[in-house]
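J.: One structure, as structure tokens, below. Some questions next.
Rule-based calculations on the coordinates, nothing more; no lab input. What you see is a predicted model, and the numbers here were worked out from it, not measured in a lab. All Cβ positions, glycine included, derive from the backbone under ideal geometry; neighbour counts span all protein chains shown.
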Amino acid sequence: MPHDCSTPQVDHGVYAFDARGVARRFRHAAIFGALSVLTPGETMRFYNDHDPLPLLQQLSQHFGPRLHAAYLAREPGEVIIDFKIVG
């Protein structure tokens, strides 16, 4: 059975993005790209091994109030943030 990447299986509009598996030099570009294709109401659940404070500043400057960030976990070695696009 062929796989169709255009219709991924997601939990109520929440798309997982595990940055730990992306080469460091590509991470920010990949994250910006992933967030740019979300539609209002969709969420990217971001997994990382450290708290990405400089990235959060960059995202805030780029997306402004259209992007809401909420930490689900903020422990050393395990950071999970929900990024939600709002109308």
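J.: Find the residue count for the range 73-87, including only residues that are farther than 23 Å from His12 by Cβ and either within 11 Å of the chain's Cα centre (by Cα) or surrounded by 12 or more Cβ atoms within 10 Å (Cβ to Cβ) (or both).
T.: Number of matching residues: 0.
J.: Next question. What pairs come out if I take residues in the range 60-87 that are without any contact (Cβ under 8 Å) to a residue 24 or more places away in the chain and pair them with residues that are aromatic (Phe, Trp, Tyr) and surrounded by 13 or more Cβ atoms within 10 Å (Cβ to Cβ) whose C-beta lies under 9 Å away, six or more apart or interchain?
T.: His68/Phe83; Ala69/Phe46; Ala69/Phe83; Ala70/Phe83; Ala73/Tyr47
Quick grid of which residues meet (1) surrounded by fewer than 16 Cβ atoms within 10 Å (Cβ to Cβ); (2) within 13 Å of the chain's Cα centre (by Cα); (3) of a type outside the set (S, T, N, Q); (4) under 13 Å from Phe83 (Cα atoms):
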site	(1), (2), (3), (4)
Ala19	no, yes, yes, no
His28	no, yes, yes, no
Met44	no, yes, yes, yes
Asp49	yes, no, yes, no
Leu53	yes, no, yes, no
Leu56	yes, yes, yes, yes
Gly64	yes, no, yes, yes
Leu67	no, yes, yes, yes
Tyr71	yes, yes, yes, yes
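J.: If you scan the range 30-42, which residues turn out to be closer than 16 Å to Gly13 by Cα and surrounded by 11 or more Cβ atoms within 10 Å (Cβ to Cβ)? Give the derivation first.
T.: Kept after step one, since they are closer than 16 Å to Gly13 by Cα, are these residues of the range 30-42: 34-42.
Ala34, Leu35, Leu38, Gly41, Glu42, listed by residue number.
J.: Something else: Filter the strands (runs of 3 or more DSSP E) completely within the range 31-87 down to those with at least 3 residues that are touching a strand residue (DSSP E or B) at 6+ places or on another chain (Cβ under 6 Å) and of a type in the set (Ser, Thr, Tyr).
T.: It comes to none.
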